[in-house]
Amino acid sequence: PSIVQVCHEARYALSTCKPAFKTDLSDRYIYISFPHDTVLTETDTLHVLLPSELQNITRMILKPDDQEEFSFRYDLGVVLKNMVSLRELTIRSTDEVIYGWGGRSRAVMDITRDLEKVRMEWPWWVCPRVRILKGSTSEEMGVFEGG
């Protein structure tokens, strides 16, 4: 019967998913299976997440709203080096963020520079595979291979 199937799935989910992402502003949390689930968030949320949560995320889709703000407020490499389980990062951005002034792909250059910098400073760091996508078309604008 369907009720038995639902109960079976709920028990399975409770055994693999753990509560996370509770903040001072909200006592609610989300059940997540860090090894299996992908976290979709905006850059403004990164500073709210607990270090234990950041350390457990294996896949993430990041949506920066503004490249200038993103570059200025976040050194992507520093954030990522503390996310020790992260293996895949997709940065899904608006066309304005990808191109900026003059049609150049500043976001790709900034992100690549940040990641190379951390690789030089922390040679034992396992860098995730980073894909930068143009939000309107999902066109791949850049890839930084992990390892």
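Numbers below:
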read-out: Ser136 versus Asp27: modelled label distance in nm, points set 7 Å from Cα along the beta carbon direction; value: 4.6
read-out: Sequence ranges 81-93, 14-26, 39-51, 124-136, ranked by mean other-Cβ count within 10 angstrom, highest first; value: 81-93, 124-136, 39-51, 14-26
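Rule-based calculations on the coordinates, nothing more; no lab input. The model shown is predicted, which means the values in this text are computed figures rather than measured ones. Quick reminder, even Gly has a Cβ in these numbers, built from the backbone with ideal geometry, and neighbours come from all protein chains shown.
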